[in-house]
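Participant: Sharing a structure, written as structure tokens. Questions coming.
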Ligand code: ME8
């Protein structure tokens with residue numbers, strides 16, 4: 001009912017908010033796309049969903065980057081944020097919110113949260129000594145740093161063992177968060193929520209880390225060192241630690257501090273937070289501890305993914321080996337790039353980004369697989385796809401069966417596949433395996449091509465034509481002797497064409513979250529009504545009124561859904 005719908009908590013998906021110290025690369029675009037696909041899948045299924053992305057604009061790293069650029073920090077971050085916003089727009093990210101940590105409302109929310117933490121006794125003042133990495137914006141314990149020779153400069157530096165980033169010895173007075181107090185509570189939470197971190201292997205890492213012990217967390221820095229950030233309420237000499245500031249964005253963006261009763265309608269807490277494996281600790285240890293301390297509900301799942309590498313080295317802003325996402329978009333187009341990144345991107349293990357490989361995958365999957373199937377059905381003059389759909393989709397009760405009792409095993413096998421694949425894809429999406437889900441959709445495309453190959457409607461059409469043209473009647477006789485007839489042959493052709501068209505319709509519906517533009521064109525070509533593109537229509541035989549007429553696909557390369565890509569760019 002209407003009230004139920006209003007009260008419904010929207011499905012809330014987030015990306016990390018990105019540092020604007022340097023331009024985005026393909027890695028950032030990947031996270032955005034993953035989150036976008038998860039959101040769009042929910043929308044396809046009829047759920048209200050909210051997607052957040054944005055930029056992390058405070059902290060030492062930004063302060064130094066602005067200084068280096070000879071700019072005022074605000075001017076510097078304004079420029080940086082614009083680039084990320086433009087990127088989200090160009091990749092078709094359907095974000096409802098773009099938060100910037102320099103937004104007034106966010107800063108006020110952070111101040112409020114700080115006061116709550118203080119009031120509840122979670123904060124104390126003390127001196128802090130340790131190794132701080134500006135690049136990672138975090139302290140490392142002595143056991144996690146070592147002396148290295150920096151390859152580029154030959155300088156001997158102390159660096160984090162985990163990230164290889166330089167650390168600096170800092171000794172200063174600052175505020176601490178009693179993170180250690182949350183060890184037991186966190187461990188209990190992990191135990192009660194075994195699916196909290198996906199994939200499971202990263203859950204195990206986090207549990208082991210917390211089991212090994214949690215040190216209290218330094219959550220402010222002297223303002224004379226770090227001026228670019230939110231000041232500690234009531235103590236102007238200290239600036240709030242950038243990660244506390246940044247993590248709170250997921251709450252402030254949807255209205256924290258919440259008006260009582262409004263929290264659920266805002267979407268909070270997030271249903272799924274997509275992050276790279278580099279920031280798991282922050283999202284799966286610090287963030288839930290902050291939420292516990294603030295008496296806020298905890299996010300349901302953290303979906304962690306692996307990294308894109310270039311020449312096997314992690315793509316990173318600081319290494320200068322990031323692939324420019326704007327160039328990639330121009331070269332391959334939004335949909336092929338979205339498809340490639342999800343299909344080939346790493347969740348558990350890193351994946352290497354390679355232009356030649358993208359072209360190869362494009363040729364095989366999109367041109368040779370999906371594009372070819374569409375063209376085979378819609379462009380061929382050999383059969384009448386409209387007649388096939390009229391015959392089987394628009395059938396009445398007395399119509400001939402689509403799958404014959406003792407018919408060809410290959411068609412009944414394919415029919416079963418058509419029946420099963422949507423639910424299987426949905427299950428993969430529920431398990432947060434969008435790569436596997438996309439691969440499974442593509443398998444249906446390949447299976448449709450194989451089914452056609454096997455059914456060989458073109459051979460039957462030739463047989464049909466020749467029998468009809470044969471004035472001696474000999475060929476008709478032969479057909480009859482072989483236990484078939486003109487009508488049966490024609491029905492066979494229509495049957496295999498209809499099964500292939502049905503595959504294209506279901507695939508088109510399921511591909512919408514992955515390739516919004518290409519799938520729209522595909523469904524347009526198939527003549528599927530706009531209001532019949534949601535999940536409930538993604539069942540074989542459900543739509544009885546599409547395809548009449550099919551939209552002309554156009555001549556030459558222009559009319560192709562996936563035109564050839566040029567490899568020399
Ligand atoms: O960490 N492959 O921001 P950030 C895949 N501001 N994804 C990659 C990647 C790669 N090579 N490199 C980066 C921050 N990413 C903080 C987050 S959230 C409260 C604050 C993606 O600009 C991946 O999602 O360094 C990674 O976690 C994120 O960008 C880091 O972005």
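What follows draws every value from the coordinates through simple rules; no lab data is involved. Note that the structure is a prediction, hence the values are computed from the model and not measured. Every residue, glycine among them, receives a Cβ derived from its backbone with ideal geometry; neighbour counts consider all protein chains shown.
Participant: Show log10 I(q)/I(0) for the stretch 422-569 at q = 0.09 Å⁻¹, two decimals, from a solvent-free Debye sum over equal Cα scatterers.
Facilitator: -0.40
Participant: At a 10 Å Cβ-Cβ cut-off, how would you order 163, 15, fewest neighbours first?
Facilitator: 163, 15
Participant: Sticking with this one: Which of rounded, prolate or oblate describes the stretch 306-456 when judged by the alpha-carbon gyration tensor and an a/c cut-off of 1.5?
Facilitator: Prolate, because a/c is 1.5 or more and a/b exceeds b/c.
Participant: Then there is this: What do the square roots of 5 times the Cα gyration tensor eigenvalues come to for the chain, in whole Å, largest first, as semi-axes of the equivalent ellipsoid?
Facilitator: Numbers: eigenvalues 616, 122, 78 Å².
That gives 56, 25, 20 Å for the three semi-axes.
Participant: For the chain, what does the relative contact order come out to in percent, with C-alpha contacts under 8 Å and a separation of six or more?
Facilitator: Here the relative contact order equals 15 percent.
Participant: Fully extended, how many nm does the chain gain between residue 330 and residue 148 (0.36 nm per residue separation, minus their Cα-Cα distance)? Show your work: numbers first, answer last.
Facilitator: Details: separation 182, 0.36 × 182 = 65.52 nm, distance 3.98 nm.
Value of the extension gain: 61.5 nm.
Participant: So, in nm, how far is label residue 201 from label residue 524 when the simple model puts each one 7 Å beyond its Cα toward the Cβ?
Facilitator: 4.2 nm
Participant: Taking all pairs of different Cα atoms in the stretch 51-137, averaging 1/r and flipping that mean, what Kirkwood radius in angstroms comes out?
Facilitator: 15.5 Å
Participant: Based on the Cβ-Cβ distance from residue 404 to residue 104, what FRET efficiency comes out when R0 is 56 Å, to the nearest 0.05?
Facilitator: Working from the Cβ atoms, E equals 0.25.
Participant: Sticking with this structure for a sec: Report the label-to-label distance for residue 413 and residue 281 in nanometres (one decimal), using points 7 Å from each Cα along the Cα→Cβ vector.
Facilitator: The two pseudo-label positions are separated by 5.1 nm.
Participant: Distances longer than 15 Å among the Cα atoms of the stretch 202-303: what percent of all pairs is that? The partial results should precede the final answer.
Facilitator: Values: 3495 of 5151 pairs.
Taking all Cα-Cα pairs of the stretch 202-303, the fraction more than 15 Å apart is 68 percent.
Participant: Okay, next question. Could you work out [θ]222 nm for the chain from helices alone, using -39500 (n - 2.57) per DSSP H run of at least four and dividing by all its residues? Round to the nearest 500 deg cm²/dmol.
Facilitator: After summing the helix terms and dividing by residue count, I get -14000 deg cm²/dmol.
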